[in-house]
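Novice: Take this structure first; my questions come after.
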Amino acid sequence: MKKSNKQTIGEEQANYLTHGVGLLLSSYGFGMLLHKAWHVADPWYLAGFTIYGICLIAVYISSTLYHWVSRPSLKRKLQIIDHCAIFLMIAGTYTPILLITLKRHGGPYFLVFLWIVALLGIILKFKYTGKYQKLSTASYLAMGWMAIIFLKPLYLLIPSQGLWLLMAGGGLYSLGTIFFHWEKLPYAHSVWHLFVVAGSLCHFLVILEL
């Protein structure tokens, strides 16, 4: 039986289970980051890790709830929150890197710009969620790949494996969008979710080693 959002019941179950796993992993990872920030005793670490952890959990909990509920009116509201949370996750992932690693390379200034972009994206999502999907995906990707402008300082300041993980995470998110738009493929959205979990895991490992 097909649901109104073109996902079968089985597909929706796979959708909320895949990001439910992401929610559990991100919650555990947040605890690890707070533990490290406590021992480092640096307010920049605490601020960066806290913002990142909250944003990461937000994207997984909103996605899990969106795919879990079946009532159309509630599902529509959760869809908007789910899409807005993607902007939070992108900006949140940048936050500790810009505040800690790139603090003396213009990171905080770029972070302000990035959060303004994220807030503008969220405002637009409240009006246009469900429309202009390809343009929306392009905006997520453009925002995510802005990190390329810091490639040189990142190359100098983080271990080579960290840089590779950073790029791999972006690559996984980007490749995953193929499945996000592949509506005719059964369980394609769940595959997209797996790419998101893998991409966020790569970025978490980078941030954990800051």
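A short reminder: the numbers here are calculations on the coordinates, not readings from a lab. This structure is a prediction, so every number in the text was calculated from the model and none was measured. As a convention, Cβ positions derive from the backbone with ideal geometry for all residues, glycine included, and neighbour counts pool all protein chains shown.
Novice: Find, to one decimal place in angstroms, the Kirkwood hydrodynamic radius of the chain, where the mean of 1/r is taken over every pair of different Cα atoms and then inverted.
Specialist: Numbers: mean 1/r = 0.0570 Å⁻¹.
After inverting the pairwise mean of 1/r, the radius is 17.6 Å.
Novice: Taking 0.36 nm per intervening residue step and subtracting the Cα-Cα distance, what contour gain separates K184 from Y128 on full extension?
Specialist: Numbers: separation 56, 0.36 × 56 = 20.16 nm, distance 2.30 nm.
Answer, rounded to one decimal: 17.9 nm.
Novice: Still on this structure, I have one more. Enumerate the aspartates and glutamates that K36 could reach by cross-link, defined here as Cα to Cα under 15 Å, with residues fewer than 8 away along the same chain left out.
Specialist: List returned: E209.
Novice: If we count trypsin sites (Lys or Arg not before Pro) as exposed when they sit in a DSSP loop and have at most 12 other beta carbons within 10 Å, what is the longest stretch of the chain that avoids them all?
Specialist: Of all site-free stretches, the longest is 7-103.
Novice: Something else: With the cut-off at 26 Å, tell me which of the pairs K6/K77; K77/K103; K6/K125; K75/K134; K103/K134; K127/K152 have Cα atoms farther apart than that.
Specialist: Values: K6/K77 17 Å; K77/K103 37 Å; K6/K125 21 Å; K75/K134 21 Å; K103/K134 34 Å; K127/K152 38 Å.
As for pairs spanning more than 26 Å Cα to Cα, those are K77/K103; K103/K134; K127/K152.
Novice: Taking every pair of Cα atoms in the stretch 28-95, average 1/r, invert it to obtain the Kirkwood radius, and report Rg/Rh to two decimals.
Specialist: Result for the stretch 28-95 is an Rg/Rh of 1.13.
Novice: Using the basic label-point model (7 angstrom from Cα toward the beta carbon), what is the A138 to R76 distance in nanometres?
Specialist: 2.8 nm
Novice: Another question, then. What base-10 log of the normalised intensity I(q)/I(0) is obtained for the stretch 92-209 from the Debye formula, alpha carbons as equal point scatterers, at q = 0.11, 0.12, 0.22, 0.23 Å⁻¹?
Specialist: Computed log10 I(q)/I(0) values: -0.41, -0.49, -1.31, -1.36.
Novice: Considering the options L166, F113, Q79, tell which one lies farthest towards the positive end of the dipole of the chain, charges being +1 on Lys and Arg and -1 on Asp and Glu at the Cβ, about the Cα centre.
Specialist: Among L166, F113, Q79, the one farthest towards the positive end of the dipole of the chain is Q79.
Novice: As an exercise, use a Förster radius of 25 Å and the Cβ-Cβ distance of I9 and S174 to find the FRET efficiency, rounded to the nearest 0.05. Kindly include the intermediate steps, with their values, before the conclusion.
Specialist: Details: r = 30 Å, r/R0 = 1.18.
About 0.25, to the nearest 0.05.
Novice: Put a dot 7 Å past each Cα toward the Cβ at L205 and I148; how far apart are the dots in nm?
Specialist: For the pair I148/L205, the computed spacing is 2.4 nm.
Novice: Still on this structure: So what's the angle, to the nearest 10 degrees on a 0 to 90 scale, between helix 188-208 and the longest Cα principal axis of the chain?
Specialist: In the chain, helix 188-208 runs at an angle near 10 degrees to the longest axis.
Novice: On C-alpha positions alone, give me the angle between the axis of helix 160-180 and the longest principal axis of the chain, in degrees, nearest 10.
Specialist: Once rounded, one gets 20 degrees.
Novice: Post the alpha-carbon centroid distance, the stretch 5-81 to the stretch 97-157, in whole angstrom.
Specialist: Between the Cα centres of the stretch 5-81 and the stretch 97-157 lies a distance of 19 Å.
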